[in-house]
Amino acid sequence: MISSGGFTIYMFKKLILTAGVGILLFNGQTASASSLTPNDLVNTKQSIRTATKQKHEVKQSIQAIKTKLKQLDRQEKAIQTKINGTSEQLESFDEQLKPEETSLFAKVVSSVFPSAKAEAAEAEEERNELMKKKEEASKALNELEDKQQSIAKKREKYKTAYTQKNKQYKKQSNYLSELKKQYQSMVPDRFLMPATGRLSQGFGAAGGENGYTFHNGLDIAAKTGTPIYAAADGKVTQVSSSGPYGKHMKIEHTIDGQKWTTVYAHMNRIDVKKGQTVLQGEQIGQIGTTGNSTGPHLHFEVHKGNYSFSATSAGHAINPMKVAERVGGASPVKQTL
Ligand SMILES: [Zn+2]
């Protein structure tokens, strides 16, 4: 990878392509590529998580509104059926009450022929009964129509909410994809250079004076207390305070289906626990000089697959300079030759 002004050309190109001159950070601030910090990676990743959760919640409330609308549809249908039935009843009552003339005629007849009087009284009673039934049906119809109106109002309310939530969902989706795009432009392809300092020993053949003929990692020298960041998202698989590595730890990563292990040694302080998941750029401890060390530095190893140490060959260790990229200020400065 070609280096240029504290940032690899490759990363710089990626940034130019996605964001023009500067990078719009998750919080709306604009940062130049060189001012990016590992913490920006962590914050953006966390914003992505929150935004994803919120998007999911909006989707759930949309589903709930849909269910409610379906329920209201069913209620509306049931009421319409009742309204139709009651209206038909009312019509039939009207039909039966129509022959008013007959009733008048019966009255006249009954005044002349007493025998018809009883018949007329019976007709009158029947008529009254019908009138009462008609009144009841009419009242029921009014109540049903009121109910229908209140359902319609409710439905309007839910429809408005549905439109609003859908808009919110679209907005949330756009925001999330913007964040993801942003994150993609910020993150190193595989690993982040875990500390800022002077590259005091590179990866490769060594003299053997320290007990090894192959140095399977990088030494990044910096003063004690300098932060060390997780090289990639992963899970802390080991935390230890003893041995030649002094205070050291391992993180297991899965990147595009490939398992990797990173090792951080001679630490002054370890800020994480075994089993803990960490985000790329998250501070995991500090540079120190514990174990077999002559001065404060981070010994950093990258292994494809599991950790496998060899004092004489690379084993599964990969030169971190080939897979770890700088982000803003987090980088080892190459030793001047
Ligand atoms: Zn070393």
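The values are calculated or read from the model by the stated rules, or taken from the named source; none is laboratory data. These numbers were taken from a predicted model, which means no experiment stands behind them. No Cβ is skipped: glycine too gets one built from the backbone with ideal geometry, and neighbour counts run over all protein chains shown. Note: areas computed on protein heavy atoms with side chains; ligands, DNA, RNA excluded. Shrake-Rupley method; radii C 1.70, N 1.55, O 1.52, S 1.80 Å.
For the range 250-273, a tally of residues being away from the ligand (no atom under 16 Å from the Cβ) and open to solvent by 50 Å² or more (accessible area, probe 1.4 Å) returns 9. Of the candidates Val302, Val239, Val272, the single residue that is in contact (Cβ under 8 Å) with a residue 24 or more places away in the chain and in a loop (DSSP other than H, G, I, E, B) is Val272.
For beta carbons closer than 6 Å, sequence separation of 6+ or different chains, a first residue in the range 209-228 that is more than 11 Å from the ligand (Cβ to nearest atom) and a second that is of a type in the set (Phe, Trp, Tyr), the qualifying pairs are Ile228/Tyr264. For Tyr245, all conditions in the list (1) within 16 Å of the ligand (Cβ to nearest atom); (2) part of a loop (DSSP other than H, G, I, E, B); (3) under 18 Å from Val327 (Cα atoms) hold save one; what is the number of the exception? Here Tyr245 meets the rest and fails (3). Scanning the range 297-311 for residues that are surrounded by fewer than 21 Cβ atoms within 10 Å (Cβ to Cβ) and within 15 Å of the ligand (Cβ to nearest atom) yields Tyr307, Phe309, Ser310, Ala311. Screening Arg190, Arg198 for residues that are within 16 Å of the ligand (Cβ to nearest atom) and over 25 Å from Asp73 (Cβ atoms) leaves exactly one candidate, Arg198.
When Ser185, Ser177, Ser150 are checked against the criterion of being surrounded by fewer than 16 Cβ atoms within 10 Å (Cβ to Cβ), more than 16 Å from the ligand (Cβ to nearest atom) and farther than 30 Å from Glu88 by Cα, a single residue qualifies: Ser177.
Taken as a whole, the range 241-249 holds at least one residue that is open to solvent by less than 20 Å² (accessible area, probe 1.4 Å) and in contact with a Phe, Trp or Tyr (Cβ under 7 Å, 6 or more places away or on another chain).
Scanning the range 304-326 for residues that are out of contact with any Lys or Arg (no Cβ under 9 Å at 6 or more places or on another chain) and at negative phi yields Ser308, Phe309, Ser310, Ala311, Thr312, Ser313, Ala314, Asn319, Pro320, Lys322, Arg326.
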